[in-house]
Amino acid sequence: MGKTTFLEHYQKNLCEKIQEILDTWRNGEFECICEDNSLSNSFSGFVDISIKSKNDDKKVVAIEIEHKSSFNGSFSNVKKMKKWAHDSQNRKVAMYHLFNEDCNISEYQIDEIFKFAKENEKKSCGFFYDFSFYPVTDYRETRETAQKLVNSREFKARLWMLMKLVELV
């Protein structure tokens, strides 16, 4: 499914705001990439936003944005990231799923995604998972919506912990 105008701009602004935070944390050591298709070997497709060390592309925090997505697409994103991590003992990925509060996924379906992801996380094969929600009050405010999310303590804490789990920090 194609990206809405809001999502296209929101993703770009989110990537820029995350990069600003990463630069304050580690002064240019990390890169935040929109629509990343550079994951090696068994990965097909694009990661909405990836965070990698400039020196090691085998440790990644992948951010997938579920704006108006379906359950199947969201579940597929988890499966792809899990597979990429599990296909090599040298790779680690922490997936951070961002759900729009108005997305087309029910609480029950989010629970199914969460259970599937955590089940695989427990296997200790280099895959970690977390999720949170973002509200959209005005679809014209892509930069402001991204800024609010990235400036929240919850987002920063979750991002930091995911970076620790894949040994980026």
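For E8, are the conditions met, namely being surrounded by fewer than 16 Cβ atoms within 10 Å (Cβ to Cβ) and at pLDDT 90 or above?
no
Has segment 104-111 got any residue that is over 25 Å from S152 (Cα atoms) and of a type outside the set (F, W, Y)?
Looking through segment 104-111, at least one residue is over 25 Å from S152 (Cα atoms) and of a type outside the set (F, W, Y).
Name the residues in segment 77-105 that are farther than 20 Å from I18 by Cβ and either among the β-branched types (V, I, T) or at pLDDT 90 or above (or both), would you?
V78, I105
Which of the residues spanning segment 55-75 are at pLDDT 85 or above and either loosely packed, with under 14 Cβ neighbours inside 10 Å or among the aromatic types (F, W, Y) (or both)?
Those that are at pLDDT 85 or above and either loosely packed, with under 14 Cβ neighbours inside 10 Å or among the aromatic types (F, W, Y) (or both): F71, N72, F75.
State which residue is surrounded by the most Cβ atoms within 10 Å (Cβ to Cβ) when the search covers only segment 122-169 and only residues that are out of contact with any strand residue (DSSP E or B) (no Cβ under 8 Å at 6 or more places or on another chain) and under 21 Å from H86 (Cβ atoms).
C125
The values are calculated or read from the model by the stated rules, or taken from the named source; none is laboratory data. Given the structure is predicted, the values throughout are model-derived calculations rather than measurements. Cβ atoms come from the backbone with ideal geometry, glycine included; neighbour counts cover every protein chain shown.
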